[in-house]
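Working notes, beginning with the structure itself.
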Amino acid sequence: MRSWCPMEPDFVAPLPTLPQDRLLEQPPFWRRNRGRLLVGGAALIAAGLLIAVLRHFIGAEFSVARSRLTIATVERGSLVRDLVAGGQVVAAGSPTLYAPSAGVIMLKVHAGDVVAKEQILAVIDSPELAAKLLQEEATEQSLTIDARRAQLDAAAKLAQLRASYQQAQVDQKTAQRELERSRKAYELGSYSELQALKAQDALEKAQFAFNEAKMNYQSQPAQNRFEIDSKQALLGRQQILVTDLRRQAQALTIRAPVDGQVGQVEVAERASIARDSPLMTVVDLTALEVEIRVPESQARDLKPGMSAEMQGDGRHWQASVSGVSPEVVDGQVAARLRFEGDKPAGLRQSQRLTVRILIDRRENVLTLERGVFTDQDGDSFAYVVHGDLAERHPIRLGAASVQKVEILEGLSLGDQVVIAGTEAFHQARRVIISN
């Protein structure tokens, strides 16, 4: 027997079609699939963003944590180039005194004593120098006597020749008168011709003797001057030698060259010393300077006359660079600074000060905080940060100070630059910065 089920009728009669009924139109595709289209569009956008990100990071060779990096921003402002170094107070002059001669030294002062200029510091007893001085002084006296004797001899010779000249002149006149009388007597017949000729011969002899005496008399002063000058030259040479020995003898008394303080004493009391041995140093406390040592790369910018500031013990002083050494020792160059105005009171030899030298000041320039990247990559490249990616860009740097460096090319205002930690990049072109 078949059971009846209301859900499955055996027959359903069709409903009658009413006149007001009409067929419904099928909705458009975009309306029927609107949800699917929205989901698909979102997926396409996400895929595009993913592709852009992948294209952005493509080529990155390393990934470095941000905590290992130091990032700075390119700014515009003033750049003050300065140099900061530790300095040491030194005396502008600290001459070392040396022994002028060998001998035994007797000290008059000790290390640390304050001395005045020309004060006796030590005396050297040199018997050898004293004996030599006495010998040369005796020689000088002998030569002085010889020079005086030469002057007397010259005067005597000149007087003798003057007398001979005058006598020859008288003899010539006498012979001339005798010849005239003989001629008159011969004309009168009182003298023979032979007597007249003898008178003529006597006149010629007298004239010859006169000319000879005149020539000797006139040439003697020149000869006298030659002999006297020769003696005077020997005496002058000896006087120079004696003067130098006296100077050496006076130099055996060692005196302070400046007002100051005795530094290190190199010899002991009553010690036998050799010539040119160092004795002691005298520190000139009236003129103090500060000596600094800077790296060779920074020393090339230093020039005498640059302004500087120094501080120590809570005080400040104005100074200027007085000199820069042309010699490089262990990669460093020594320079000295001089205080402006009077010497500051209270400073001590070898006291430590902090020195700041103003080298240059530039306004309205692009600057970046100075970091180790300038030493690692030089001034050719820098890593610019774009989000989570650091890219290597060529740059050109200008002047550099202790804290900042000038940007000439390659970077713009506001750029983020890795200034420390780039050693982990291994000079890669792109590096991912992870959080």
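A few points about this structure:
- Taking the criterion of being more than 30 Å from Arg183 (Cβ to Cβ), without any contact (Cβ under 8 Å) to a residue 40 or more places away in the chain and of a type outside the set (Gly, Ala, Ser), the only residue of the stretch 198-222 that qualifies is Gln218.
- Residues in the stretch 421-430 that are of a type outside the set (Lys, Arg), out of contact with any helix residue (DSSP H, G or I) (no Cβ under 7 Å at 6 or more places or on another chain) and surrounded by fewer than 20 Cβ atoms within 10 Å (Cβ to Cβ): His426, Gln427, Ala428.
- From the options Leu203, Leu107, Leu143, residue that is in contact with an Asp or Glu (Cβ under 7 Å, 6 or more places away or on another chain) and surrounded by 14 or more Cβ atoms within 10 Å (Cβ to Cβ): Leu107
- Neighbours by Cβ (under 7 Å, 6+ apart or cross-chain): first from the stretch 289-304, surrounded by 13 or more Cβ atoms within 10 Å (Cβ to Cβ); second at pLDDT below 80: Glu289/Ala92
- Condition check for Arg396: over 30 Å from Leu288 (Cα atoms), charged (D, E, K, R) and free of Cβ contacts under 8 Å to residues at least 60 places away in the same chain: yes
- Those strands (runs of 3 or more DSSP E) of the stretch 308-414 in which at least 3 residues are at pLDDT 85 or above, under 27 Å from the mean Cα position of the chain (by Cα) and crowded, with 16+ Cβ neighbours inside 10 Å, considering only elements entirely within it, cover 315-329, 332-339, 352-369.
- Options Ala249, Ala256; residue that is in contact with a helix residue (DSSP H, G or I) (Cβ under 9 Å, 6 or more places away or on another chain) and buried (at least 16 other Cβ atoms within 10 Å of the Cβ): Ala249
- Scoring Val242 on the criteria (1) surrounded by 15 or more Cβ atoms within 10 Å (Cβ to Cβ); (2) touching a Leu at 6+ places or on another chain (Cβ under 6 Å) leaves a single failure, condition (2).
- Residue within the stretch 275-285 that is of a type in the set (A, V, I, L, M), out of contact with any helix residue (DSSP H, G or I) (no Cβ under 9 Å at 6 or more places or on another chain), under 27 Å from Asp342 (Cα atoms) and modelled with pLDDT under 85 present: yes
- Search result, residues across the stretch 115-127 that are within 13 Å of Arg255 (Cα to Cα) and assigned to a strand (DSSP E or B): Val115, Ile120, Leu121, Ala122, Val123, Ile124
- Any hit, the stretch 116-138, residues being among the hydroxyl-bearing types (Ser, Thr, Tyr), surrounded by 13 or more Cβ atoms within 10 Å (Cβ to Cβ), modelled with pLDDT of 90 or more and within 30 Å of Gly323 (Cβ to Cβ): no
- Residue match in the stretch 215-234 (condition: hydroxyl-bearing (Ser, Thr, Tyr), crowded, with 16+ Cβ neighbours inside 10 Å and closer than 30 Å to Leu161 by Cα): yes
- Thr354 meets the conditions (1) touching a Gly at 6+ places or on another chain (Cβ under 8 Å); (2) under 30 Å from Ser63 (Cβ atoms); (3) in contact (Cβ under 8 Å) with a residue 60 or more places away in the chain in every case but one. The failed one is (2).
The values are calculated or read from the model by the stated rules, or taken from the named source; none is laboratory data. As the structure is a prediction and not an experimental result, all values here were calculated from the model. Ideal geometry is used to build each Cβ from the backbone, glycine not excepted, and the neighbour counts take in all protein chains shown.
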